[in-house]
Amino acid sequence: MNKRLTVRSIAVLLLLVLVSLETGAQEKLDFQMLDRIRNEGLVNSKITDLLIYLCDVYAPRLPDSPQYVQAGEWVVAKAKELGLANAAMEPYGTFGRSWELQKFYAAMTAPQYMPLIGYPKAWTPGTNGVLKGPAVLITARTVADLDKYKGKLKDAIVLIQGEQDLPISFDPMASRLLETDLQKLMLAPEPAVRRPVSPQMQDATARQQLQQATTKLLKAEGAGVVLEPGRGKFGTVFVSSGGSRMKNAEMPLPAIAVAAEQYNRIVRILQKDIPVTLEVEVQARFTADDLPGTNVVAELPGVDKKLKSEIVMLGGHFDTWHAGTGATDDGAGCAVAFEALRILKALGVQPRRTIRMALWDAEEQGFVGSRGYVANHFYDRAKKEKKPEYDKLAAYFNFDNGSGKIRGIYAQGNSAVVPIFEDWLEPVRDLGAATVTLRNTGGTDHLPFDAVGLPGFQFIQDSLEYGTLTHHSNMDVYDHLSRPDLIQAATIMAWFVYNAAMREEKLPRKYFDAGAPAPARGGN
Ligand SMILES: [Zn+2]
């Protein structure tokens, strides 16, 4: 046997052992602290109180509205009371104009009386006093069909769509991820392929053109208010914005989303050529044109001489839509982040790195608050300018997929964090959180971090009634929160943030190309 070869084989073997150690489980975890976090989070939870203040008292919160500011001041005061540091409403730039609903009433008064379940769309103006009159149903199929309405729409109460199809639902309202769903989530998605333009897409374009022409006509004719069928059923109305926050944007017509069942009733009566009389009043107020936008922040300061200037962040978004109170979107995330910080503070945790909570403004308008924050603190994409804190951020953890508990985490294409998260989740598997997927997820405030190469993550959550009932609807209220789920989530959030604050190194980052195009800006 060649002696040299043997030495070489031993060296190779050693290297293999080292490599496997390098990639296998290796996180140093403080199990005593985990037990304490579990006890404080699961047994002594204070999240209910936070949820009542955030989802009943100080809600809804359209960005930078008076309600938003009141709520922010409450969080700052509460954070100070808990002994947290640097609690503040931190400006990030200009938001634009906010909007506030002050009064709304709508009813069918003939042929029968029926009070309407409806919600003015945000950023649409009030009506010119109380409007009473016949409902006018627009039945145009083409842009040319619109001509017959000319001269007949002044101050009219207009219905712009026909009867909506409301098929019986056989699917359950609420759902949790099954083991098979989680298994699937761990595998890479099928590569996307480009599809040719389908006939449906061409139809959609024609529909859009008709819609634009209708809006233009209604404005030109001075229509009084527009009624639309709200998406949803069972009296649930999904409603968001009908106008713009930008100060010089054109003012839209007053617009109301009406519960589909009631909207359909009005349409069917009109189609029998029986007149329907409606009564509508909206009072709404646009606030100052150039409001400064603010995020809400608070900290548990780090104590390690070397590491305290580094930061671990956690959060959700503080702004909501207005028909409900934004309980699951994203009062839940704000409460989870705040409760996680409370747990650590109550345990007297002295983190090595500073732990910073941020509750973001204007996520629904396209991550306006978190994008502003990232540009100010970390990396300004527009100027391609790196800020001092860029090298200091260990990780950002976001919670914004409703009220469902944490089932795992999206590693956002960052292979190096997968084994780390797997180690952190191992001792909380019994709470139902065990899955790490390399997949990306979109639609939440971790994206502006991810877009500049910072490690920003969103958890995998059970959807419960998020997609079916609460997301952007009038039913997004306290009663559709699942408190046991949120108690679990705050406990795991505290554990994640604790680990990120205590480990030797910041979380590994993925490759960042400063020249790559900016990501999509949709809110969730
Ligand atoms: Zn959201």
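Residue pairs whose Cβ atoms lie under 8 Å apart, sitting 6 or more positions apart in sequence or on different chains, and linking a residue in segment 135-160 that is surrounded by fewer than 17 Cβ atoms within 10 Å (Cβ to Cβ) to a partner that is among the acidic types (Asp, Glu), are Thr139/Asp145; Lys150/Glu221; Gly151/Glu221; Lys152/Glu221; Lys154/Glu221. The residue list Pro191, Pro229 contains one member that is crowded, with 18+ Cβ neighbours inside 10 Å and either over 25 Å from the mean Cα position of the chain (by Cα) or at pLDDT 95 or above (or both), which is Pro229. Scanning segment 344-373 for residues that are under 18 Å from the mean Cα position of the chain (by Cα) and in a helix (DSSP H, G or I) gives Glu363, Glu364, Gln365, Val368, Gly369, Ser370, Arg371, Gly372, Tyr373. Listed conditions (1) touching a strand residue (DSSP E or B) at 6+ places or on another chain (Cβ under 6 Å); (2) open to solvent by less than 80 Å² (accessible area, probe 1.4 Å); (3) farther than 30 Å from Ala433 by Cβ are all met by Gly129, apart from (1). Filtered by the rule that a residue be open to solvent by 20 Å² or more (accessible area, probe 1.4 Å) and touching a strand residue (DSSP E or B) at 6+ places or on another chain (Cβ under 8 Å), segment 295-336 gives Glu299, Pro301, Lys308, Ser309, Glu310, Trp321, His322. Against the list (1) open to solvent by 30 Å² or more (accessible area, probe 1.4 Å); (2) under 18 Å from Ala327 (Cβ atoms); (3) in contact with a helix residue (DSSP H, G or I) (Cβ under 9 Å, 6 or more places away or on another chain); (4) not aliphatic (A, V, I, L, M), the condition Thr468 fails is (3).
Scanning segment 320-352 for residues being farther than 16 Å from Val75 by Cβ and away from the ligand (no atom under 16 Å from the Cβ) gives a total of 9.
Can you pull out every residue in segment 270-319 that is of a type in the set (D, E, K, R) and within 16 Å of the ligand (Cβ to nearest atom)? Talk me through it step by step, then tell me what you get.
Residues of segment 270-319 of a type in the set (D, E, K, R): 272-273, 279, 281, 285, 289-290, 299, 304-306, 308, 310, 319.
Scanning segment 270-319 gives a single hit, Asp319.
Figure legend. Inter-residue proximity from segment 328-343: first residues assigned to a helix (DSSP H, G or I), second residues within 13 Å of the ligand (Cβ to nearest atom) and of a type in the set (Asp, Glu), beta-carbon distance below 8 Å, spacing 6+ or different chains. Indicated pairs: Thr328/Asp476; Asp329/Asp400; Asp329/Asp476; Asp330/Glu363; Asp330/Asp400; Gly333/Asp400. Take the conditions among the hydroxyl-bearing types (Ser, Thr, Tyr), away from the ligand (no atom under 16 Å from the Cβ) and either outside any helix (DSSP H, G or I) or farther than 18 Å from Thr94 by Cα (or both) and apply them to Tyr396. Does it pass? No, not satisfied.
Screening Ala362 against (1) within 16 Å of the ligand (Cβ to nearest atom); (2) open to solvent by less than 10 Å² (accessible area, probe 1.4 Å); (3) out of contact with any helix residue (DSSP H, G or I) (no Cβ under 7 Å at 6 or more places or on another chain); (4) of a type in the set (A, V, I, L, M) leaves a single unmet condition, (3). Within segment 161-178, if we keep just the residues that are of a type in the set (D, E, K, R) and farther than 20 Å from Ala257 by Cα, the residue that is least open to solvent (accessible area, probe 1.4 Å) turns out to be Arg176. Scanning for something acidic (Asp, Glu) and open to solvent by 20 Å² or more (accessible area, probe 1.4 Å), does segment 366-388 turn up at least one residue? Scanning segment 366-388 turns up at least one residue that is acidic (Asp, Glu) and open to solvent by 20 Å² or more (accessible area, probe 1.4 Å). I'm checking my understanding of the structure. Among residues of segment 169-183 that are assigned to a loop (DSSP other than H, G, I, E, B) and among the charged types (D, E, K, R), which one is modelled with the lowest pLDDT? My answer is Asp171. Among residues of segment 45-87 being open to solvent by less than 50 Å² (accessible area, probe 1.4 Å) and at positive phi, the one that is farthest from the chain's Cα centre (by Cα) is Gly83.
Could you pull out the residue among Leu481, Leu486 that is open to solvent by less than 10 Å² (accessible area, probe 1.4 Å), under 30 Å from Lys121 (Cβ atoms) and modelled with pLDDT of 95 or more?
On the way: Leu481 fails: open to solvent by less than 10 Å² (accessible area, probe 1.4 Å).
Just one listed residue meets the conditions, Leu486.
Filtering segment 232-272 to residues that are outside any loop (DSSP other than H, G, I, E, B), open to solvent by 10 Å² or more (accessible area, probe 1.4 Å) and aromatic (Phe, Trp, Tyr) leaves only Phe238.
The values are calculated or read from the model by the stated rules, or taken from the named source; none is laboratory data. As the structure is a prediction and not an experimental result, all values here were calculated from the model. Cβ coordinates were reconstructed from backbone atoms using ideal geometry, including for glycine residues, and neighbour counts include every protein chain displayed. Quick note on the areas: whole protein, heavy atoms, side chains included, nothing else; ligands and nucleic acids left out. Shrake-Rupley method; radii C 1.70, N 1.55, O 1.52, S 1.80 Å.
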